Amino acid sequence: MSTDNERLTRPLARVIEIIGLGLAAILVLGVVTSLTGSGSIGGFGRGATPICATDPYMGISNSPDPGVEPYQAKPGSTLDTTFNLRACTGHPTMGQRLLETLTSVPTVLLYGCILLLLWRIIRTAQRDGPFTLRVAATMRLLGWIVMAGAVAAAVIQQLALGMLINSMLTRAAESPGSAFGSALYALLPVPLLAGAALITFARIIRLGASMDDELKATV
């Protein structure tokens, strides 16, 4: 029975292993390049380079006064006015590097949590079978993590991006309200559908496991 369960979960297990090894390789490479001075991890390291921030949702071509840019860069920073709002600084502060890190790390953590929960489902299904209460509980948790995690990651990253861009401009261009639109965009449609599907399948598995227990009790 264990062999059949392993064969059943093998495709997903192989994909998780490949993705996990890829993420580990990227992390190791980042540590090595940071220590040798040729790179950085999340903007930190001896080889850390200047940083830039771009808001893909905000264009700055429409100025209220012709010939006058709506935003100006602070000394030490530059502003790209060709299409979207993009600001760069050649000598970022520690706070700016931390904000740059927060523009990407939440998504990485979310993917890590999803991979971990998927691996728990696979290991439990291989050991006890796919139709168990433990598998159902983990799958239900995974569904909520996919939906809530997508929203939380989008909010944190957009807030960090806005604060990073504002730190390089003479007047604020980003408002906290932009995080709401980013959260809605991140949730719809895939995370919402995937999360709802996982929660539904978890209920089906839980019902099947309960029915199986009842059948065993009557035999």
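Miscellaneous remarks
- Residue 76 vs. criteria more than 20 Å from residue 175 (Cβ to Cβ), without any contact (Cβ under 8 Å) to a residue 60 or more places away in the chain and among the small types (Gly, Ala, Ser): yes
- Of all the residues in the stretch 187-213, those that are basic (Lys, Arg) and within 14 Å of residue 121 (Cβ to Cβ) number 1.
For (1) hydroxyl-bearing (Ser, Thr, Tyr); (2) over 23 Å from the mean Cα position of the chain (by Cα); (3) at pLDDT 85 or above; (4) surrounded by fewer than 12 Cβ atoms within 10 Å (Cβ to Cβ), each residue gets a yes or a no:
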| site | (1), (2), (3), (4) |
| --- | --- |
| 9 | yes, yes, yes, no |
| 21 | no, no, yes, yes |
| 27 | no, no, no, no |
| 39 | no, no, no, no |
| 48 | no, no, no, no |
| 78 | yes, yes, yes, no |
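- Residue list for the stretch 172-219, filter: exposed (fewer than 14 other Cβ atoms within 10 Å of the Cβ), not hydroxyl-bearing (Ser, Thr, Tyr) and not in a helix (DSSP H, G or I): 172, 176, 177, 188, 189, 219
- Check on residue 112, modelled with pLDDT under 95 and either surrounded by 19 or more Cβ atoms within 10 Å (Cβ to Cβ) or out of contact with any helix residue (DSSP H, G or I) (no Cβ under 6 Å at 6 or more places or on another chain) (or both): yes
- Among residues of the stretch 122-145, those that are among the aliphatic types (A, V, I, L, M) and either touching a Cys at 6+ places or on another chain (Cβ under 8 Å) or open to solvent by 20 Å² or more (accessible area, probe 1.4 Å) (or both), counted: 5
The values are calculated or read from the model by the stated rules, or taken from the named source; none is laboratory data. Please read these numbers as outputs of a predicted model, since none were measured by experiment. Ideal geometry is used to build each Cβ from the backbone, glycine not excepted, and the neighbour counts take in all protein chains shown. To get the accessible areas, we keep the full protein, side chains included, count just its heavy atoms, and leave off ligands, DNA and RNA. Shrake-Rupley method; radii C 1.70, N 1.55, O 1.52, S 1.80 Å.
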